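Structure first, commentary second.
Computed from the coordinates by the stated procedures, all read-outs in this text should not be read as laboratory data. Here the structure is a predicted model, which is why all the values come from computation and not from measurement. Virtual Cβ from ideal backbone geometry, glycine too; neighbours counted across all protein chains shown.
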Amino acid sequence: MLKHTMNNNKKIITQFRLKRIVAFLIDAVIVSILLSIVYRLTGFANFPGVLTKMIEINRTMGETGTSDATVKVMSLFNEAFLQSLIIWFCYDVVTTLLFRGSTIGKRIFRLKLTHINHKKGKLAYCLLVIVRSFFKFLSMFLFQGVPFLLSVISIFANPKSLAAYDRIARLVVADKNVV
């Protein structure tokens, strides 16, 4: 029984899947840096500012007007969240198109986004990249990341390591050495 479980772990956690996750984390750090720069340059709502407002509300609980303050903080959070997703969407699309299928994180690990059937055609590919990113971030916006989490889990649940948004766009992340 133990041997069977160990064999299943080898199939679930592969070097390719770990590369894909670490590439995502690298991209997340890069986007976080971009967000900090955008917040400093524009003064847009940001998560540190929202956190400060939340702490302020906690201190004033029991005073009148806390429900108005809570509504304002939630509005600021939604604004910061939407801005973050828009910036991440732009980063995802622009870097993927500039680096011919790779974000910076994917490029470091020699991963590439390609059509499932390896079809050619630049315009179709560009549109599919935009569709993939759109569905990835739309699900995060509408459901606060839950479908995105399910997509990440699906990477481990199928042999081609496809996330839900990969399936929608008919794209797959592959190792550049294999493609």
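Compute the distance in nm between two label points, each set 7 Å from the Cα along the Cα-to-Cβ direction, one at Ser154 and one at Ile55.
Taking the two extended label points, one gets 3.9 nm.
Can you give the local net charge around Leu98? Use residues other than it whose beta-carbon is closer than 15 angstrom to its beta-carbon, Lys and Arg +1, Asp and Glu -1.
+3
Can you give the angle from 0 to 90° between the axis of helix 146-157 and the longest principal axis of the chain, with both taken from C-alpha atoms, to the nearest 10?
Helix 146-157 sits at roughly 20 degrees to that axis.
Take the Cβ-Cβ distance between Arg100 and Val146 as r, set R0 to 22 Å, and report the resulting FRET efficiency rounded to the nearest 0.05.
After rounding, the FRET efficiency stands at 0.10.
So which residue, out of Lys112, Lys53, Lys120, gets the largest mean-square fluctuation from a GNM of the chain using Cα contacts under 10 Å as springs?
Highest fluctuation among the options: Lys120.
Suppose only helical runs count, i.e. DSSP H with n ≥ 4. What mean residue ellipticity at 222 nm does that imply for the chain under -39500 (n - 2.57) per run, divided by all residues and rounded to the nearest 500 deg cm²/dmol?
Values: 8 runs with 130 residues, N = 179.
Calculated mean residue ellipticity at 222 nm is -24000 deg cm²/dmol.
Roughly how tilted is helix 2-12, in degrees to the nearest 10 and between 0 and 90, from the longest Cα axis of the chain?
80 degrees
Within the stretch 9-160, what is the number of lysine pairs with alpha carbons under 15 Å apart, leaving out pairs fewer than eight places apart on the same chain?
11
For helix 15-42, report the angle its Cα long axis makes with the longest principal axis of the Cα atoms of the chain; keep it between 0 and 90° and round to the nearest 10°.
The angle comes out at about 30 degrees.
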